[in-house]
Amino acid sequence: MFEIKNLNASIQDKQILKDFNLKVNPGEVHAIMGPNGSGKSTLAHVCAGREEYEISSGSVGLDGINLLDLEPEERAVRGLFLAFQYPVEIPGVASMTFLKSALSAHYKFNGKKELTIPEFMKLIKEKSNSLNISDDMIKRPLNVGFSGGEKKRNEVLQMTLLEPKICILDETDSGLDIDALRLVANGVNLLRSKERSFVVITHYQRLLDYIEPDFVHIMADGKIIETGDKNLALDLEKTGYNDYIEKDI
């Protein structure tokens with residue numbers, strides 16, 4: 001289970017998250033929507049361990065362990081995965097090398113036998129084919145020269161390999177055309193299971209046409225102000241956020 005309790009976080013002396021609470025049970029998909037500046041991306045970064053944020057109180061629990069006590073790489077091997085809004089390019093690091101290193105770290109931490117090169121290559125081919133990722137793309141430096149859709153598909157490939165317990169998607173639909181959005185969403189849906197949960201951060205309802213959430217939350221001023229089912233997202237598309245924000249004041 002993934003649970004955030006009374007989380008307060010700031011950056012450069014400005015408080016962003018204000019007693020934020022969220023409980024995600026295994027197998028659930030939660031969507032978080034909200035206007036710019038509401039704290040959505042800050043939430044994702046704090047969970048993953050970005051150093052520039054100051055945590056004054058609260059916890060981020062995964063299977064009873066407070067992730068805030070751990071380094072980012074420890075959070076990852078315990079089952080947290082963050083898909084970035086804008087995945088960075090890393091020249092000089094081959095995508096294949098990055099994937100092999102990440103998978104080996106997960107296997108080592110979880111007491112699993114590391115894959116041989118032929119076993120790894122077979123696994124990569126199987127997973128990449130399901131996401132329409134070419135061999136040429138995997139052989140290139142990580143994200144270098146990739147389109148927005150290719151970067152997002154590469155992140156879904158990482159998720160598919162690492163099989164995390166909780167996946168946080170930070171506006172993964174940003175900059176994607178409809179075909180790329182469908183490919184990414186299909187990859188995410190292939191990963192859905194009773195053991196794996198998702199927190200999908202998005203501005204737009206269109207992503208939720210392809211990744212159907214169990215719960216939709218409206219976030220404003222650093223906290224959740226409204227929770228509902230998928231129909232809440234449809235209502236937001238028609239009315240916007242103002243009515244909900246004014247009701248919370």
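Couple of notes before you dig in:
- Cα centroid separation, the stretch 134-181 to the stretch 50-122 (Å): 15 Å
- Rounded to 10°, Cα long-axis angle of helix 95-109 versus longest principal axis of the chain: 80 degrees
- Angle in degrees between helix 230-239 and the longest Cα principal axis of the chain, rounded to the nearest 10: 60 degrees
- Here's how it looks for Ser197: its modeled amide H is under 5 Å from those of Gly27, Ile166, Cys167, which are all 5 or more places away or on a different chain.
- Selected from Val24, Leu131, Phe120, residue furthest toward positive end of dipole (the stretch 2-248; charges at beta carbon): Phe120
- A simple packing score, the average count of other Cβ atoms within 10 Å per residue, orders the peptides 8-14, 162-168 as 162-168, 8-14, with the highest score first.
- When you count the other C-beta atoms within 10 angstrom of each residue and take the mean per peptide, 218-227, 136-145, 22-31 line up highest first as 218-227, 22-31, 136-145.
- Taking θ as phi - 60° and the Karplus parameters 6.51, -1.76 and 1.60, the scalar couplings of the stretch 187-195 work out to x, 5, 5, 5, 8, 5, 7, 5, 9 Hz in sequence order, x denoting glycine and proline.
- Judged by the ratio a/c of the largest to the smallest principal axis of the C-alpha gyration tensor, the chain counts as prolate, that ratio being 1.5 or greater while a/b is larger than b/c.
- Degrees between helix 117-130 axis and first principal axis of the chain (Cα, 0 to 90, nearest 10): 50 degrees
- In a reduced charge model with +1 at each Lys and Arg Cβ and -1 at each Asp and Glu Cβ, the chain shows a dipole moment near 820 debye about its Cα centre.
- Residues whose placed amide H lies under 5 Å from that of Ile224, excluding near-sequence neighbours: Asn21
- Derived scalar couplings between HN and Hα for the stretch 80-89 equal 9, 10, 10, 9, 6, 5, 10, x, 7, 8 Hz in order, rounded to whole Hz, by the Karplus curve 6.51 cos²θ - 1.76 cosθ + 1.60 (θ = phi - 60°), x for Gly and Pro.
- Here the 3J(HN,Hα) profile of the stretch 32-43, calculated from phi with Karplus coefficients 6.51, -1.76 and 1.60 at θ = phi - 60°, is 10, 10, x, x, 4, x, 7, x, 5, 5, 4, 4 Hz, Gly and Pro shown as x.
- Antiparallel bridge percentage (DSSP; both residues within the chain; nearest 5): 60 percent
No lab work stands behind these numbers, since they all come straight from the coordinates. Quantities reported herein were computed from a predicted structural model and do not represent experimental measurements. Methodologically, a virtual Cβ is constructed for each residue, glycine included, from the backbone with ideal geometry; neighbour enumeration extends over all protein chains shown.
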